[in-house]
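Engineer: Below is the structure I would like to discuss, written out as structure tokens.
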């Protein structure tokens, strides 16, 4: 009976591949991410510093263990969603309305199982790791150009005429062999270096039908803002598809199968790439918005999954006062967390206690929740009032042999930055663990007191 069930399941999966995809999607719901973070930072690296609201600095990101938190939250289907989620977690948002939209959008996806699963099924078309390269075409430098495009077009036409001449017995067969040999050399020397951009451009075009498929899901998706924006941008996407139609030919499965012969015979793909390249700039804005909306939808489902896993969560209130008020706050990396509350109104806190009492976990919990509230729109707490400030941390000690900097010197530099940022009102929340532990007790107490 078991063997028959296995055979039957395999038969169903072969006939109905979406059945297996749906089963996989359902099995992952409410579970932490797999930790696959390949090229997750690619989008953030390209746009870093372009947002006026600021971003989470590298040391704070590492000190508060956000790489592990990101891995736990990352249940995205596509590389686009993974990259968008990473940028979300590292970019502060000053607008409370945007943060509320993120939280309520994730909540809607969390409760709407049918819509969420239909969206994920559509997004599986973009799940291949190769789609991680799309961000470079869309947000990075322009794709590399082909040298001598006019000469290339003439040679391609000559190759086509040679093929027709051989088939019509007008030219000898060796003429075609010579043409193919030259084309192979051109492909190796020229198109080899452009192949990655060419494949990324194909995948850019693949985003457009996926966006259309999401739009066709129905009116029940219109309440989700990103879906409504996709619907509103349909005319721009249609125009972009027309503009890039010379390269969209290679989305056809038959053409993809024949592409190797078409390339070595008359360099069809290389010619199409050269011809369409000058139009990429015209549609770059549409490609950027499509990438962002698809990534946002995928990332929002990952946030919904994270909220499903969380014991407590809330939409925080942002305050311009010097106030941190977190009730029942939890650390996201603990399997069975003990909640803690903290209220600081116009003052700081010095947390003391014995070893292994949870002091570091406590201060990390506060810093993490402020960052999550200011970037993602939720806190892992029953209630939270957060200051409209960035967070900077100094927890891990680093000793760089290459730069000849001791733990003590590295901490001195970091805290000097804290003081400068505080004086400039660029940051008001500083999370510091075991201040100046890298020096002797007398100097440690004196300098710690002076800094505080």
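The values are calculated or read from the model by the stated rules, or taken from the named source; none is laboratory data. Just so it is clear, the model here is predicted, and its values are computed rather than measured. Cβ coordinates were reconstructed from backbone atoms using ideal geometry, including for glycine residues, and neighbour counts include every protein chain displayed.
Engineer: Which residue, of 275, 347, is in contact (Cβ under 8 Å) with a residue 60 or more places away in the chain, surrounded by fewer than 22 Cβ atoms within 10 Å (Cβ to Cβ) and over 22 Å from residue 96 (Cα atoms)?
Structural biologist: Matching residue, one of 275, 347: 275.
Engineer: List the helices (runs of 4 or more DSSP H) inside the stretch 30-134, counting only whole elements, that have at least 3 residues being modelled with pLDDT under 95 and over 30 Å from residue 395 (Cα atoms).
Structural biologist: Output list reads 96-111, 113-123.
Engineer: Is it fair to say residue 23 is assigned to a helix (DSSP H, G or I), surrounded by fewer than 19 Cβ atoms within 10 Å (Cβ to Cβ) and not assigned by TED's automatic domain parsing to the domain that holds residue 201?
Structural biologist: The answer is yes for residue 23.
Engineer: I'd like the full set of residues that are out of contact with any helix residue (DSSP H, G or I) (no Cβ under 7 Å at 6 or more places or on another chain) and under 29 Å from residue 120 (Cα atoms), limited to the stretch 38-50.
Structural biologist: 45, 48
Engineer: Going through 105, 81, 112, 33 one at a time, which residue ends up being outside the structural domain of residue 224 (by TED's automatic domain parsing) and under 11 Å from the mean Cα position of the chain (by Cα)?
Structural biologist: The unique qualifying residue is 81.
Engineer: Has the stretch 196-216 got any residue that is without any contact (Cβ under 8 Å) to a residue 40 or more places away in the chain and over 21 Å from residue 81 (Cβ atoms)?
Structural biologist: Taking every residue of the stretch 196-216 in turn, none turns out to be without any contact (Cβ under 8 Å) to a residue 40 or more places away in the chain and over 21 Å from residue 81 (Cβ atoms).
Engineer: Shifting gears a bit: What single numbered condition from (1) farther than 30 Å from residue 69 by Cα; (2) buried (at least 21 other Cβ atoms within 10 Å of the Cβ) fails to hold for residue 295?
Structural biologist: (1)
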